[in-house]
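Below: the structure, in structure tokens.
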Amino acid sequence: MKNTTANKHLKITALYERLSVGDERQGKDESNSIKHQKEQLEDYTKQNGFTNFKHYTDDDESGRFFDRDGYSRMIEDIEQGKIQFQ
């Protein structure tokens, strides 16, 4: 399937963020790393015409394992055909 502008709006563009080593959460708020990752990913998607995006975030979870909440939700959406691929 060609990646046309119309196709970009049908499915979700997955944006995955994970806590970087050495960056700690500040109370109940997201870590600075997560905030910056979200900003950068959103800027990229908007600049490239991807408007239907969804964040999958793992803040405060180890990257050593794949059973992280955000990652697992993203994989479920991929398996259900909700995520677009280029």
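For residue 16, the amide hydrogen comes within under 5 Å of the amide hydrogens of 56, counting only partners 5 or more places away or on other chains and with H modelled in the peptide plane. If R0 equals 22 Å, the separation of the Cβ atoms of residue 82 and residue 32 corresponds to a calculated FRET efficiency of about 0.15.
Between residue 40 and residue 73, the modelled label-to-label distance comes to 2.2 nm, taking each label 7 Å out from Cα in the direction of the beta carbon. If R0 equals 22 Å, the separation of the Cβ atoms of residue 11 and residue 47 corresponds to a calculated FRET efficiency of about 0.75. Each residue of region 71-84 is assigned a 3J(HN,Hα), and the resulting list reads 4, 5, 5, 5, 4, 4, 5, 5, 5, 8, x, 8, 9, 8 Hz, derived from the Karplus form 6.51 cos²θ - 1.76 cosθ + 1.60 (θ = phi - 60°), x at Gly and Pro. By the beta-carbon count within 10 Å of each Cβ, the least crowded to most crowded order of 18, 68, fewest first, is 18, 68. Sorting the segments 39-46, 71-78 by their mean number of nearby beta carbons within 10 angstrom, highest to lowest, gives 71-78, 39-46.
Read-outs: derived from the displayed coordinates by stated rules, not from any lab. Here the structure is a predicted model, which means the values were calculated and not measured. Neighbour counts run over all protein chains shown; Cβ positions are idealised from the backbone, glycine included.
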